[in-house]
Each structure stands twice: as structure tokens, then as C-alpha cells.
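Chemist: This is the structure I want to talk about, given as C-alpha cells.
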Amino acid sequence: MALFVVRHQHDADRCPAGDPDMGATLLNYLSRPQVKRHGVEIQGEAIVQGEHTLYLIVESSDEERVREFMQPFGEAGTVDVYPASTCARVVASGGCAAPMPVVDDVVAAMDPEDACQRAIEAGLVVHRAHPLNCETSIPALIGGVVMPNAHFYVRNHFQIPDLDPATWRLEVGGLVERPLRLSLRDLRSMRSKTMVVTLECAGNGRSMLDPPVPGEKWGVGAVSTAEWTGVPLVEVLDRAGVTSGARDVLFRGADGGRVDGGAEPIRFERSLSLDDARDSEALLAYAMNGEALPIQHGYPLRVVVPGWYSVTSVKWLTDIEAIGSQFRGYFQGEKYVYRWDDDGQGATEPVTLQRVRALITDPGAQEQVERGDIAIRGVAWSGAAPIARVEVSIGGGPWQEASLVGSRNRHSWQLWELITRLDQPGATTLRARAKDLAGRTQPEEPAWNRLGYGNNSVQEVPIAIR
Ligand SMILES: Nc1nc2c(c(=O)[nH]1)N[C@H]1C(S)=C(S)[C@@H](COP(=O)(O)O)O[C@H]1N2
Ligand SMILES: [Mo]
């Protein structure tokens, strides 16, 4: 279906709506079921007050049908038909005049316009329409251990693969005794495990770095928590029998494309050392919050590595390969490494565990708060260890210890709250900081690095007290 904007104008003395009979006939003509018979669907209609001008936004397979449908209006005045597109489509293509983005022909992909439209409708903050990147809006984080799937942040490097579960297979090979080829049904029949796990993008908080660095300009919402169900990675590795020469376990996604102007498209690939693969409790997840994995989160199967920055949690998984050396592909050697120097020439350090961090979810930034008793709430997490304590400072005042709410979950964020009083009207700031059981704390200022990863500096939320 294509989108069109239609404009009809007539002279004041020929206004069909001026005659009650003619007006009624018009309304019937424009009624949804009747319009449908012409192969046209009306999305919106409006008449410009006093201008004798009607605008319609319609969908139809082609312009000819629209013109045919508009014929009675042509008898009363003029009819113009303009091919049109949605805002999501235009932004995804990179401008009003640009054709739809060419998706690298690696795999069948989801329509970028659809993907973007859905994200907008779910209230996600879109940072890039294609490939789709959007963060969870902080007020939406409030009140729950898990994020509903539609509100879970989305981080993509390429187009979103549209995989057919009937033909999709997980290939397990490389340095293994028994290569495997598993269908979704095979995986579903294996021992399953359900875990609540927080995923955080290593670039979360990048927009706070000064001087600014390239990359998606994440606020602090590139983090979410879900209940994941799937097969423990070790089950699959053991079934395949990894041989003693293996060093890394490589995960390959179905998505791919050209990076940095490279001639050949590459696939999205990441690895874990064999030890980390075994010790991390990694899951091959096919369900998210009790539903099949949504397409943008990796349908039909993704890796979920608890505690690690989620670049390692490869979506749309098609291959697991045991390899004899340390993997150094683009997303492991070039990107997702800390470069502490500013010329990019020095040593690098891979992005691994999520750093300890607290977020204030309530009240929200710039919120007006009534003077008196107040509950300040948020979440806190750390890849290395459970959260030991969270403290809150109001207006630069002393740090007050918040209480940790609910169970201490090893791999998901911890809810916390502080009930306190705010007596001074005016503008102030709230800050929250967390410490984990391994003794890790948050820095006051972001630790600048070239690609802007791992910024876990203490968050500051400005509010106004009335
Ligand atoms: N195949 C594939 N897996 C991927 C990515 C990707 O672009 N392709 N992005 C990674 C990054 S950087 C992050 S932060 C998480 C985001 O997961 P989500 O979109 O489900 O929130 O997926 C990871 N897995
Ligand atoms: Mo990420």
C-alpha cells in the first residue's frame, strides 16, 4: 500500500456541503466501508475552515485508484493527488527526497519504517531511525522489575533480520566433537532456564561525555531488564563436546552490512573466552517476559550474558563456533574497547562487565515536586556483584542511605527507595550513587574514553520543589 495526500478545492458558490442533500451524499460517499470498495483507505480527513479546501490522507495500491475515487470531487472543483510517506519512513531514509534505505542484502530484513513506527508508538526515544536505535524513557522505567517488551531499549548496528523459524537453524561447529544443527523446536525441548537479567549498552550515558565523542548519543535509558527463558549455553556446548584446543566461543548474528566503508559486508560477531562462556551463566534465549522473543530483540534466538555489557548478547543468533584463538573481529577489536588516550593509538581494554550504577527514576528530571515528604526511587545494578548500598544526596547535601527494595537478584537491577523530606522551595538536584558487594563505586565525573563506553558517573536529576 502507498500513501497519498489528496487536495480538493471548489469555488464558494459551488460548495457541495452547502446543500443538505448533497452534503449527506458526500458523507456517505466518504464512509469507510464505501471507500474501501474503491480500494482506498482513508487515514485522515480535514477541511480548512472557510477555504473550501478538503485534505485527505489515504492509502491505496496505486495513484490511479485514488484518482478514480476522487472523480465526483473533480466535477465540483479541482483534485490534486500527491504521493506521500510517513515521517518514520522519511527519517529512516535520511530525508524527504531520499529513496528507502538500501538494506545490505545479507538477509531478509524488517521494513525500517515499520520498525521505527512501532518504537515511536511504544514511547521509546528514537536516536536513529535506520538502523533502529532507541532508548527507554526514564519515567517508563518506574515501578517494575522488568520492562514490558515494547519499552525495552533497542540497539542495532544493521537492519533487523526477518528470520523464518521454519528454516532457521542454529549451527554449532568449529572445534567440537559433534557439530550440531538445532531447530527452534530442538532448543525448546532441551532443559530450559528462566532468569531475570538487566541488559545495558556499553554506550549508555555517552551523551554526558565532554568533549563529545562519536556514536549513538545515549542518555541514560540504554538499559532495561527482562525475564529471559532459554537453554543454558553450557548445555549446547556440552552436547557438541568442545575440544581441548578451543580458546573462544564465537557467536554470529544473521545481521550484517558494510562498516567504515569496507568493501565486503560483515556479520555481527562477538566471542566469549571458553571460561567466560561456561562461568557467566549465559543463556540462549527464545522468550522474553513470557512471550516469544520480539523480532527487534533477536527473534528467534539470542544470547543473554548476565552482567556483561550487552554487546556480547548477540541477537538473531545463527552460529556458535568454537575457535582456537582469541577472536578480534570488528565489534570486539575496533569497537567496544576502551581507548583512554585521545589519539586512539594507545593500548585498548575490552568492554566486559557492566559497571556499578544507580539511576533515579522518580521523580523525573525537571519535575515539580510538592514540599514535604517525598519518595525518591530508582534502580541500581553492577555486573561484578550484587548491590551493597545506594545513597542519595539532595542539593549537594549529605549522603543518605536508601533502602533496597525487594529481593536481591544476582543479575537484575535492584529497586531502591528513600523516603525523606524536602522543605526548601526552589530548584534543587538529586543525586544517587551505588556501591556493590565487590566494593566498586561510581565516579563523580565521567571517565572519558574515545568511543564513550562505560560511563557510570553519578547521575544528577534537577527538580523544582513547590
Ligand atoms: N546480532 C546483533 N546482536 C546484537 C547487536 C547487533 O547490532 N546485532 N547489538 C548489541 C548491542 S551493542 C546491544 S546494547 C544489545 C541490545 O539489545 P536489545 O536491542 O535487545 O536491547 O544487543 C547486542 N546484540
Ligand atoms: Mo550496546
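The values are calculated or read from the model by the stated rules, or taken from the named source; none is laboratory data. Given the structure is predicted, the values throughout are model-derived calculations rather than measurements. Heads up, the Cβs are rebuilt from the backbone with ideal geometry, glycines too, and the neighbour counts pull from every protein chain shown. Protein only, heavy atoms only, side chains kept; ligands, DNA and RNA dropped before computing areas. Shrake-Rupley method; radii C 1.70, N 1.55, O 1.52, S 1.80 Å.
Chemist: With Kirkwood's inverse mean 1/r over C-alpha pairs for Rh, give me the Rg to Rh ratio of the stretch 51-203, two decimals please.
Modeler: Rounded to two decimals, Rg/Rh equals 1.13.
Chemist: Another question, if that's okay. Report, in degrees rounded to the nearest 10, the 0 to 90 angle that the Cα long axis of helix 20-29 makes with the longest principal axis of the chain.
Modeler: 40 degrees
Chemist: A further question follows. Could you work out the equivalent-ellipsoid semi-axes for the chain, taking the square root of 5 times each eigenvalue of the Cα gyration tensor, largest first, in whole Å?
Modeler: Each semi-axis is the square root of five times an eigenvalue, giving 46, 33, 20 Å.
Chemist: Starting from the Cα of ALA292, step 7 Å toward the Cβ, then list every residue of the stretch 145-185 with an amide N under 17 Å from that point.
Modeler: Only 149-150, 161-170, 183-185 fall inside the zone, counting backbone N under 17 Å.
Chemist: Cα to Cα, under 21 Å, and not fewer than 8 places away if on the same chain: which lysines meet these conditions relative to LYS193?
Modeler: Hits, sequence-local ones excluded: LYS315.
Chemist: Here is a follow-up. Distance between Cα centroids, the stretch 190-235 to the stretch 175-189: provide it in whole Å.
Modeler: Between the Cα centres of the stretch 190-235 and the stretch 175-189 lies a distance of 26 Å.
Chemist: If the convex hull of the alpha-carbon atoms of the stretch 149-350 is projected onto planes in all directions, what is the mean projected area in square nanometres?
Modeler: Mean projected area of the Cα convex hull: 11.9 nm².
Chemist: Continuing with this model, one more query. I need the Kirkwood Rh of the stretch 2-83: take the reciprocal of the average 1/r across all distinct C-alpha pairs and report it in angstrom.
Modeler: One over the average 1/r among Cα pairs gives 12.8 Å for the stretch 2-83.
Chemist: Can you check what the net charge comes to around LEU54, using other residues whose Cβ is under 12 Å from the Cβ of LEU54 (Lys, Arg +1; Asp, Glu -1)?
Modeler: Charge balance in the 12 Å sphere: -2.
Chemist: Students often forget the sequence filter, so: which aspartates and glutamates lie under 14 Å Cα-Cα from LYS435 once same-chain residues fewer than 8 apart are removed?
Modeler: Straight-distance partners of LYS435: GLU391, GLU401, GLU444.
Chemist: Same structure, new question: Rolling a 1.4 Å sphere over the protein heavy atoms, what is the accessible area per residue of the chain, to the nearest Å²?
Modeler: For the chain, the solvent-accessible area averages 46 Å² per residue.
Chemist: Turning to a different aspect of this structure: Only four residue types carry charge here, +1 at the Cβ of Lys and Arg and -1 at the Cβ of Asp and Glu. Report the dipole size of the chain about the Cα centre in Debye, rounded to the nearest 20.
Modeler: Dipole about the Cα centre, nearest 20: 1560 debye.
Chemist: Per 10 Å bin, what is the whole-percent P(r) computed from every C-alpha pair distance within the stretch 406-466?
Modeler: 16, 37, 33, 14, 1
Chemist: Let me ask you something else. What does the helix-only formula give at 222 nm for the chain: each DSSP H stretch with n ≥ 4 adding -39500 (n - 2.57), the total divided by the residues, and the result rounded to the nearest 500 deg cm²/dmol?
Modeler: Per the formula, -3500 deg cm²/dmol.
Chemist: Regarding the stretch 263-402, what are the three Cα extents along the principal axes, ordered largest first, in Å?
Modeler: So the extents along the principal axes, rounded to whole Å, are 61, 45, 33.
Chemist: Next question, about the same structure. For the chain, give the share of DSSP beta bridges that are antiparallel, in percent and rounded to the nearest 5; count only bridges with both residues there.
Modeler: 95 percent
Chemist: Continuing with this model, one more query. When the solvent-accessible surface of protein heavy atoms is calculated with a 1.4 angstrom probe, in what order do LEU175, LEU180, LEU301 fall, highest first?
Modeler: Sorted descending by solvent-accessible area, the residues read LEU175, LEU180, LEU301.
Chemist: Roll a 1.4 Å probe over the protein heavy atoms and report the accessible area of VAL405 in Å², nearest 10.
Modeler: 60 Å²
Chemist: Wrap a convex hull around the Cα atoms of the stretch 357-465, take a quarter of its surface area, and give that in square nanometres.
Modeler: Value for the stretch 357-465: 7.1 nm².
Chemist: Right, something else. For the stretch 212-275, what does the equivalent ellipsoid look like in terms of its semi-axes, each the square root of 5 times an eigenvalue of the Cα gyration tensor, given largest first in whole Å?
Modeler: 29, 21, 12
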